[in-house]
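One structure below.
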Amino acid sequence: MPVIVKLDEMLAARGMTLTSLSQSIDITMANLSILKTGKAKAIRFSTLEAICMALECQPGDILRFAHEGEQDD
Amino acid sequence: MRDRGLRIITGLLRFANGANWLLALSFAAAILLSFVFGDVIAGHLSAKYPHGNVTGTILTLRVMGVLGIIASVAVHQIFTRLLAMVATVRTGDPFVASNSQRLTRIGWALLTIQVLDLVMGLIVVTLDRMGVDHATWTPAFTGWIAVIMVFALARVFRVGTAMRDDLALTV
């Protein structure tokens, strides 16, 4: 998928778990897992805003665009 | 989900489907009997229409019986698909791709019935030319509207289901 979700990296950088993020932004673990594993087809601005607030980061820290065939890193 | 209206519809559809098969069996029996009692029928027709085409008339009646059986198969498709669609409400999710496919199948079955109706029209014209008594026939325009409507609804259902599936993975 061209848009890669780097939620794992940001969580590790902030020393947070998916569970604690889920509790702090009031989004279910199931939905956050869908986002984390790259299965999500779309992300709401409200979700992005909540994650950025909780992780004190920018949307670009969570999402990255990769060209077709480019390695996911 | 328990819904009284759907329970009544399910019962009606089951009854109508059973009646439809009885009708199909009676068509098949009529065709079979037309061979068994071929001479009796031919004699009766010769007496009624002394200058008529008896063989042609019997053949036309048999063709009408075959058309009736084909129509029953189409009606069976409609009733069983509707029953399956109603059943999806009970299981909790009627807005699924399989229901749009069922609706498309119903559309094709309705189209088949409409085409059979046109063939019936041709048969009525043929019987008229042979000077044989027949029931009146007029084109069923509402049936054609129903065909278009069901195909349109099936498409809307299909696209709507896909859109919902898309939204399901929106976080």
Worksheet item: A:ALA66's amide H: which non-local residues (gap 5+, or another chain) put their own amide H closer than 5 Å, with H modeled 1.01 Å from N in plane and none for Pro or chain starts?
Response: A:VAL3, A:ILE4
Worksheet item: Taking the Cα centre of the protein assembly as shown as origin and charging only Cβ (+1 Lys, Arg; -1 Asp, Glu), how large is the dipole, in debye to the nearest 20?
Response: 960
Worksheet entry | Distance in nm between pseudo-label sites at B:VAL159 and B:LEU122 (7 Å out along the Cβ direction from Cα) | 3.5
Fill in: Label-to-label distance, nm, for residues given as B:ASP133 and B:LEU23 (7 Å Cα→Cβ offset)
2.3
Worksheet item: Using the Kirkwood radius built from alpha carbon pairs, what does the Stokes-Einstein equation give as D for segment B:14-171 at 37 °C and 0.692 mPa s, in µm² per second?
Response: 178
Worksheet item: What FRET efficiency comes out for the pair B:ALA97/B:LEU6, r = Cβ-Cβ distance, R0 = 25 Å, nearest 0.05?
Response: 0.75
Item to complete: Could I have the simple spin-label model distance between A:LEU48 and A:ALA12, label points 7 Å from Cα toward Cβ, reported in nm to one decimal?
Response: 2.4
Worksheet item: Highest GNM mean-square fluctuation, chain B, Cα pairs closer than 10 Å: which of B:VAL150, B:VAL132, B:VAL40?
Response: B:VAL40
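Take the Cα gyration tensor of segment B:1-73, multiply each eigenvalue by 5, square-root it, and list the three semi-axes largest first, rounded to whole angstrom. Numbers along the way, then the final one.
On the way: eigenvalues 310, 21, 17 Å².
For segment B:1-73, the semi-axes come out at 39, 10, 9 Å.
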Discussion item. If you fit an axis through the alpha-carbon atoms of helix B:141-168 and take the longest principal axis of the Cα set of chain B, what angle between them do you get, 0 to 90°, nearest 10?
Written reply: 20
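Ignoring ligands, DNA and RNA, how do A:SER46, B:SER100, A:SER20 rank by accessible area with a 1.4 Å probe, largest first? Numbers along the way, then the final one.
Details: A:SER46 75, B:SER100 5, A:SER20 40 Å².
The ordering from most to least exposed comes out as A:SER46, A:SER20, B:SER100.
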Worksheet, complete the sentence: Hits for chain A under the membrane-span-like helix rule (DSSP H, Cα axial span at least 24 Å, Kyte-Doolittle mean at least -1.0) are none
Discussion item. Taking 30 Å as R0, compute the FRET efficiency from the Cβ-Cβ separation of A:PHE65 and B:LEU167 and round it to 0.05.
Written reply: 0.85
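The values are calculated or read from the model by the stated rules, or taken from the named source; none is laboratory data. Every value quoted in this text rests on a predicted model; they were computed, and no experiment measured them. Here the Cβ is made from the backbone with ideal geometry for all residues, glycine too, and neighbour counts use every protein chain on show. These area figures cover heavy atoms from the full protein model, side chains too; ligands, DNA and RNA do not enter into them. Shrake-Rupley method; radii C 1.70, N 1.55, O 1.52, S 1.80 Å.
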